[in-house]
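Only one structure is covered here, and it is reproduced in the block below.
The values are calculated or read from the model by the stated rules, or taken from the named source; none is laboratory data. The model shown is predicted, which means the values in this text are computed figures rather than measured ones. Cβ sites come from the backbone with ideal geometry, for glycine too, and all protein chains shown count toward neighbours. Remember, those area values only see protein heavy atoms, side chains included, never the ligands or the DNA or RNA. Shrake-Rupley method; radii C 1.70, N 1.55, O 1.52, S 1.80 Å.
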Amino acid sequence: MDKDININVKVWRQKGPKAKGIFETYHLDAISGGTSFLEMLDILNERLISEGKEPVAFDNDCREGICGMCSLYINGHPHGPDNLITTCQLHMRHFKDGETITVEPWRSAAFPVIRDLMVDRQAFDKIIQAGGYTSVNTGGVPDANAIPISKLDADEAMDAASCIGCGACVAACKNGSAMLFVSAKVSQLALLPQGKVEAKARAKAMVAKMDELGFGNCTNTQACEMECPKGVSISNIARLNRQFLVAKFSD
Ligand code: SF4
Ligand code: FES
């Protein structure tokens, strides 16, 4: 049975993109260890609303680790201190009684704060629009086994496709690099025959858009892989670099 804990929640409050933000600290009593982190914020917001105060704005949607919306920086870690989970999968049993928990939005020039803990991640959509698709007309749905794909390639493509576009890799990187995200989106297509057709153009277009939108260069520190809730490997970055160089020198 999970114990109840008393906590202080130190939350970043910012009224709008241009406003100056500050931390505000709230005390919450008797939070069950089985409460999810987002449910804890719901409890805080119910209290703030009942007191006539502004609730804390934060993003969320699926609350089951699929959509990538719950982008919170908790105690210095994207998605909190636990590994391989999103913020919505984090539970209060991971915190100590009496602990002060610091909650911030993603910090990246390419992800401006909209309000409080919500950031604008349209930059990721723009990178996908630049090339993260296949435009080849493939006709009707082929038989499942009509195109042979090796197990290794299929597994690697599926691992890359597990990226949920949350942005934790950018938030974890001291250069705000989006290389892990871009490399996952490039790899999930480039490893399969259907995606190979446009692989070179895709790598060039997505990297160019990433640079244009203000993401920094890869630091090689591996912080992105360490904090990725889906365990996306930096071997995808090596693949992207190879593809980009091949594309650049084959023009
Ligand atoms: S690579 Fe990982 S951390 Fe980066 S956007 Fe995808 S799921 Fe999130
Ligand atoms: S709310 Fe969808 S992944 Fe957390």
(request) Check whether at least one residue in the stretch 35-46 is β-branched (V, I, T), crowded, with 16+ Cβ neighbours inside 10 Å and within 16 Å of ligand 1 (Cβ to nearest atom), and report yes or no. (result) no
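Could you tell me which of the residues G139, G165 is away from ligand 1 (no atom under 13 Å from the Cβ), on the phi > 0 side of the Ramachandran plot and among the small types (G, A, S)?
Working: G165 fails: away from ligand 1 (no atom under 13 Å from the Cβ).
So the residue among G139, G165 that is away from ligand 1 (no atom under 13 Å from the Cβ), on the phi > 0 side of the Ramachandran plot and among the small types (G, A, S) is G139.
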(request) Scan (1) buried (at least 18 other Cβ atoms within 10 Å of the Cβ); (2) among the charged types (D, E, K, R); (3) on the phi > 0 side of the Ramachandran plot for the single condition R63 breaks and write down its number. (result) (1)
(message) Give all pairs with beta carbons closer than 8 Å in which a residue from the stretch 45-71 that is in contact (Cβ under 8 Å) with a residue 24 or more places away in the chain and among the aromatic types (F, W, Y) meets a residue that is part of a loop (DSSP other than H, G, I, E, B) and crowded, with 16+ Cβ neighbours inside 10 Å; count only pairs at least 6 apart in sequence or on separate chains.
(response) F58/C70; F58/D116; F58/L117
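I'm checking my understanding of the structure. Among residues of the stretch 66-80 that are in a loop (DSSP other than H, G, I, E, B) and within 16 Å of ligand 2 (Cβ to nearest atom), which one is most open to solvent (accessible area, probe 1.4 Å)?
Here is the first cut: in the stretch 66-80, the residues in a loop (DSSP other than H, G, I, E, B) are 66-71, 75-76, 79-80.
Adding the requirement that they be within 16 Å of ligand 2 (Cβ to nearest atom) leaves 66-71, 79-80.
Numbers: I66: 103, C67: 43, G68: 3, M69: 58, C70: 6, S71: 1, H79: 1, G80: 1 Å².
Among them, the one singled out is I66.
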